[in-house]
Structure formats: C-alpha cells, structure tokens
Amino acid sequence: MSWTPLRSKLSDGVAQSSTPYEQGSAEEFVPGERVGSRGRLRAFAAVVILMGSAMALAFFSGSYHHGNQQDSQFLSLAATETAASEAGPVAAFDTANLKKKNYDKKTGLWCVGLNAVGFDLHPTARREMGTATIPNHEALRYFHQQGSNCFRLAITWERLQTNVGEDVVDPVDGFDGVIDFVTNTLGAYIIIDPHNNDEGLQFNGIDVTRSDFVNLWKGIAKKYGSNDKCIFGLYNEPRYGFEDGVAGYFDPNVLDRDGRVIEYWRQWMQSAIDAIRALGAKNLILVPGLHWTGCADWSGNWWWGETLEGKPNQGNSRLAALTDPENYIAYDVHQYMDPRYTGQEDGCKGHDLNFYCKDSPDCSGADNGLEETIKWAKYYNKKLFMTEIGSYPAADGSASTCSVKMCNYLKRMHESDTFIGYTVWQFGCPQCDADQWTKKPLNLDWYLIA
C-alpha cells in the first residue's frame, strides 16, 4: 500500500463554491516535556466549561495584554501607528472579506507526507547545530517511495537567518541541499517551516517584532519564491513575540474575549502575505492560528475567542478575512489523538475524549473538533492543511482500533473537500518515541488512504 495524493473531480481546476454552514516539534514531543504548557491551555478550557460563571469570565477577560477591554474602536482598527512604522501599513479588518475565497487552485488532498525534523532540534544552541541534524536523504527517498509527495522541513529561526531584522536569509549548511533534493531530485513539495519549539516567536531568546517577522519572510520569498515546489508555512504554533508594547504578547492561554490578540495576529499574517506577494512570489502560503493552531479548537469550539457575526467564542475566525491577490493560502492546523492533544502519550482516546473537559456532559474529542473545523471552512469558503497529525500505538491492544479511527479521520478530511494536504509527525528525531524512520515501519500504514 502506498500514499496517493487524493483529488476531487476538479483536482486541477478552480475550486467551486462551498455551501455555507452555520493543534510541535520533535523536542516538544519527547515524553515528559511540554505537558505543562499545553496542560495549562486545556486546564483553562476546563475552567471555562465547568465553572461557566461570570466571575471566571471576567477574570480571564482581564488578560494583562489589554488596557481597555471595551475599546469598541479596536475591532475595526487598521495597523497601529507602531505597527505601521515598523512593518508598513496593513489593511483594516473587514467583515466583508470573511466569506471571500482566498484559495482557488487545485483541490483534494494533493500534498501528503511527513515532517522532516532535524534543523529544529536543540534550539537553545541557536545558530550552532549542537545535536541538531540534517534530514537524511535516504529517509526522504524511502518515504517518497512509500508515496509521500510532500515534506515539512522544520528549522529554527536562528538557523535560517544570522541577523534578525534583515530581509535576507542565510540558512545553515545542508538546508538548501534538502530543498534541492526534495524539489528537484524527488520532484516533491517542501514546506519551509520556521519552528522555534517552546521559544515561539523569539530569536536568540528575545521576542521578535512584526517587522522582524515580515523581513524574515521577505528573505525567504526572495530566495525560494521562484521554486513553485516550495510552500511557505508562516510559523509553527505561534506564541510570544513582541506586540502592542508587550513582550510575550501572543499568550497561548489567552481567552481573547475582545478579539484584540487575534486582530494583532491577523495583522502579522496579512503583513507577511502582502510582503511575499509584493516580491512576486506565487507560492502556497500556510497560515497558522493561535492556541497552538489546534484543529479541534480552531474555530473557538465554544470556549475561546471574541464574538463575531453575533456568535460568541469564535477563536481564530478573524483570520478568515485575510486576503491574497494570488488566492493561494490555506489555514495550518495540528491534531494529535491522545486525550491531551499533545502527541506525548500513546493510544488514541483523544478521538472521542478531551482530557480537560472529560467530566462535562458536553465534552467531545478530536473527531467532533474536526467536524467543527470543517463547518468553519465551509462557512467561510476556506481551505485547510493539517501540517502535524499523530497517533501512536499503545501496549493495550488498541492498535487495530486506533488504525481504523485514524483512517476514518483522514477519509473525513478528504471527503469534506476542505483539506488540501497533511503531513505526519515525524521522522528525523531518533530519541523520540514516534520516529517513523529509525522505528520503521512503526505505524506508517495508519496514515495511508487506500
């Protein structure tokens, strides 16, 4: 059995109108690490779901990011003066753009494969490689032979660029070689994925500005924009960064009741898209969201985010208003099938259970979350790309059940006609339990759609 990119009947044509309907890196997923950060996120969700009191909501709405929670002028704000001076002006949020298409290229699951890690390992070594590695060409060829036509290449910001703030990139040795091997030798696609693990939007441990971020993408676009096999993944699971005078601004646990945080993130995303297109690059752009860019909670899932179009808790929905003259952007989502959605536990109970709301009668798991996100994409006429997905065999006899559940999950993604691709987490981290290369064949067959 091998992977075959799945396409709709209009696979190479213009996407048709959809009928509207009303969630790291290898180091992040080494068992025993990062449970705290994602655990806090889910704990906050549980508090909101189970307490449901006005006191709790008032407390969470009082995030330290916000000076005036009821600033009615903010929701229609364009760039702030600071943002405009640093990264150039960005168009104001316009509700008229929410349901406009921003993708009109080939449809179906046309880009499927794995995450190729290595350049993102040992991030605290900064520009030096330390224990980081170059993805193995033999492994890339092997997975290509298994049917993969798409690889997501994770790399820390420091290994992409020596000097933050400049609009040029000078990646470490081996990076360009991997891109050349994948796109020219194998003829496959590669997703360039700035990926700083737990440090998020930082460079050498210091929060970056929107201007730094935009200049990074100017440099990437100038260097790789002529290669149409290169896909631009704007950032892995964005958090922290410097915005609105605050370091660590994009708090992954913020409930963002007034939409201020997601509005600033929309401005970062629109600024990067505009800069890439201004340089003539026509590559596919993948847009991540807040809250770990999780699939199950992308649309807010009724517990986080602002009120938009009269509906509360709309999560990342403001990003639907992003515009692209090329109409070639998709929204970048992640999903792991353990109950905490972290990829740090074996088994697949997360399909049906969210650990942090498990005692609530309204609690549901990743499968229901997928349905909510598909509804979101159909309602707003958008496309999705699952750049991280993972489920790992447990020693409890559940492997066959988990295999079927994953197959059904991927089939639902395909049948929805909202997803254009997915990349499995991961190969290239031999110290990780889920390394598909050193432990091959592991459970690679779970991710194959016959």
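The values are calculated or read from the model by the stated rules, or taken from the named source; none is laboratory data. Note that the structure is a prediction, hence the values are computed from the model and not measured. FYI the Cβ positions are ideal-geometry reconstructions off the backbone, even for glycines, and counts take in every protein chain you see. Accessible surface areas use protein heavy atoms only, side chains included; no ligands, DNA or RNA. Shrake-Rupley method; radii C 1.70, N 1.55, O 1.52, S 1.80 Å.
Which one of 150, 177, 119 has its Cα pushed farthest toward the positive end of the charge dipole of the range 107-210, where Lys and Arg give +1 and Asp and Glu give -1 at the Cβ?
Toward the positive end, the furthest listed residue is 150.
Using +1 at the Cβ of each Lys and Arg and -1 at the Cβ of each Asp and Glu in the range 136-280, identify which of 252, 161, 234 lies farthest towards the dipole's positive end.
In the range 136-280, that residue is 234.
If you count only protein heavy atoms with a 1.4 Å probe, what accessible area per residue comes out for the range 157-201, rounded to a whole Å²? Spell out each step's value before the answer.
Working: 1350 Å² over 45 residues.
Accessible area per residue: 30 Å².
Could you pull the accessible area for residue 183 with a 1.4 Å probe, rounded to 10 Å²?
10 Å²
Ignoring ligands, DNA and RNA, please state the percent of accessible area on the range 393-450 from carbon and sulfur, probe 1.4 Å. Display every interim value, and only then the final one.
On the way: 1250 of 2310 Å².
Looking at the range 393-450 in its full context, I get 54 percent from C and S.
Take every Cα-Cα pair in the range 321-450 and report what % of them are more than 17 Å apart. Walk me through the intermediate numbers first.
Numbers: 5063 of 8385 pairs.
Tail of P(r) above 17 Å: 60 percent of Cα pairs.
If R₀ is 30 angstrom, what is the calculated FRET efficiency for the pair residue 222 and residue 97, using the beta carbon separation as r and rounding to 0.05? Can you show the working numbers first?
Numbers: r = 27 Å, r/R0 = 0.91.
Using R0 = 30 Å, I get an efficiency of 0.65.
So, for the range 223-311, what is the accessible surface per residue at a probe of 1.4 Å, expressed in square angstrom? Numbers along the way, then the final one.
Working: 2060 Å² over 89 residues.
On a per-residue basis, 23 Å².
Mind giving me the FRET efficiency for residue 134 and residue 439? R0 is 25 Å, r the Cβ-Cβ distance, nearest 0.05 is fine.
Numbers: r = 20 Å, r/R0 = 0.78.
After rounding to 0.05, the efficiency reads 0.80.
Roughly speaking, to the nearest percent, how much of the range 201-294's 1.4 Å accessible area is carbon and sulfur? Provide the component values of the computation, followed by the final result.
Values: 1030 of 2160 Å².
About 48 percent, which is the carbon plus sulfur part of the accessible surface.
How much accessible area per residue does the range 85-135 have, in Å², with a 1.4 Å probe?
On the way: 1980 Å² over 51 residues.
Accessible surface, normalised per residue, equals 39 Å².
Put +1 on the Cβ of every Lys and Arg and -1 on every Asp and Glu Cβ in the range 338-428; which of 406, 386, 357 then has its Cα farthest towards the positive end of the dipole?
The one lying farthest along the dipole's positive direction is 386.
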